[in-house]
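Data first, discussion second: the structure below is written as structure tokens.
The values are calculated or read from the model by the stated rules, or taken from the named source; none is laboratory data. Quick caveat: nothing in here was measured; it's all calculated off a predicted structure. We place every Cβ from the backbone using ideal geometry, glycine too, and count neighbours over all the protein chains shown. Heavy atoms of the whole protein, side chains included, go into the accessibility calculation; ligands, DNA and RNA do not. Shrake-Rupley method; radii C 1.70, N 1.55, O 1.52, S 1.80 Å.
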Amino acid sequence: MKNILFKGLCTALVTPFIGDQINYPMLEILIRRQIQAGVQAIVLAGTTGESPTLSDEEKLELFRRGVRIADGKCKIIAGTGSNNTSHAVELSQKAEALGVDGLLVVTPYYNKTTPSGLVKHYRKIAQAVSIPVIAYNVPSRTGVNISSDVCAELAKIPNIAGIKEASGDLSKILRIMEENGNNLPVWSGNDDQTVPIMSIGGQGVISVASNVAPLHMNAMVTAALNGDYDLAGLLQRKLQPLCSLMFCQVNPIPVKAAMKVIGYDAGPCRMPLDGLTPENQEKVESYFHGFSEMLGEPCLS
């Protein structure tokens, strides 16, 4: 049985920009807001953090500052995945040296790999560091799906701490849990499947929606952890419009637009990502019309 890196809510944080530069004062505001909302962990330089258009130097500075700002109040997980195994190893080692609590490593993309190559990729990264490594399965973006057979092999690697599952395949996720138990903890990678996945043994969620509604998302996940699935299910249904809205265009375009509407201007996305269409911008502004600056959270419609 492996130790669980975290149970509950982890926010895949946006990377705030001013123009084309990282807005570090805003980064601190966003991290402190998440901590105050009770999140257990924060991912920096993940998909939501626009990792493909961050330089290694920018990623490492995010990790350095994230560790300092969090100061042990929540876990800091570094996005260090790459389709170049050697690059992923190097970045993972540098992130570990900065004091991050764990790594989130997406499957190789574009060049893809075979199942055996996938296992070797993760094994090489995991053996190069001593901190926990979470595999990230998001086949809609990478073209690679971590099969249950590969999961069985990953479960044997001591510091593979689990898997973020964003395949949307609940049957497969159940099979992973049945076959590996606590040797491969599972976190939901889809906000709208959080409670269903937790109800069958998931440890929580690595969330996009919690950028804008951390208190609401934390309440839902906490209810599930406490076994109160009546409340958790109610909150999942209540949050469903928000979860859908955050993916009305490719992530993180909608969540960055929403952050600006509620008063946390994280700037634009880097190219090639564009802004929201006028129609979707109107939807976002309409949804968050009831935002209360005093509460610091939107009134969910």
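Descriptive notes on the structure:
- Here is the size of region 101-177 from its Cα atoms: Rg then Dmax, 11.6, 33 Å.
- Count Lys and Arg as plus one, Asp and Glu as minus one, and take only other residues whose Cβ is under 15 Å from that of residue 3; the net charge is then +2.
- The convex hull around the C-alpha trace of the chain, projected and averaged over every direction, spans 14.1 square nanometres.
- Karplus-derived 3J(HN,Hα) values for region 113-126, using 6.51 cos²θ - 1.76 cosθ + 1.60 with θ = phi - 60°, are 4, 7, x, 5, x, 5, 4, 5, 4, 5, 5, 5, 5, 4 Hz; glycine and proline are entered as x.
- Once the convex hull of all Cα atoms in region 70-221 is built, its volume per residue stands at 110 Å³.
- Geometric descriptor of region 72-131, per residue, is 68 Å³ (volume of the convex hull of the Cα atoms).
- Rounded to whole numbers, the Karplus 3J(HN,Hα) couplings from phi for region 93-102 are 5, 5, 5, 4, 5, 7, x, 5, 8, x Hz, using 6.51 cos²θ - 1.76 cosθ + 1.60 with θ = phi - 60°, and x at Gly and Pro.
- Here the calculated FRET efficiency for residue 234 and residue 113, from their Cβ-Cβ distance with R0 = 41 Å, stands at 0.50, rounded to the nearest 0.05.
- Amide H contacts of residue 8 (H built 1.01 Å from N, in plane; Pro and chain starts excluded): 204, 205 sit under 5 Å, all sequence-distant by 5 or more or on other chains.
- Three-way shape call for region 236-287 based on the alpha-carbon gyration tensor, with the a/c threshold at 1.5: prolate
- 14 Å beta-carbon shell around residue 181, net charge (K/R +1, D/E -1): +1
- As a ratio to 2.2 N^0.38 Å, the alpha-carbon radius of gyration computed for region 1-42 takes the value 1.45.
- Each Lys or Arg adds one and each Asp or Glu takes one away; over the other residues whose Cβ falls under 14 Å from the Cβ of residue 273, this sums to 0.
- Along principal axes, Cα extents of region 154-301, largest first, whole Å: 47, 38, 24
- Here the 3J(HN,Hα) profile of region 238-253, calculated from phi with Karplus coefficients 6.51, -1.76 and 1.60 at θ = phi - 60°, is 5, 7, 4, x, 5, 4, 5, 4, 5, 10, 5, 9, 4, 5, x, 4 Hz, Gly and Pro shown as x.
- With every protein chain in place, the chain: carbon and sulfur % of accessible area (1.4 Å): 52 percent
- For a straight C-alpha distance cut-off of 25 angstrom, the lysines reachable from residue 94 (same-chain residues fewer than eight places away being disregarded) are 2, 59, 73, 75, 112, 120, 124, 156, 164.
- Within straight-line reach of residue 238, meaning a Cα separation under 20 Å, sit the following lysines at least 8 residues removed in sequence or on another chain: 283.
- Estimated 222 nm signal from helices in the chain, with DSSP H stretches of n ≥ 4 weighted -39500 (n - 2.57), rounded to 500: -13000 deg cm²/dmol
- Cβ-derived FRET efficiency at R0 51 Å, residue 145 paired with residue 18, nearest 0.05: 0.85
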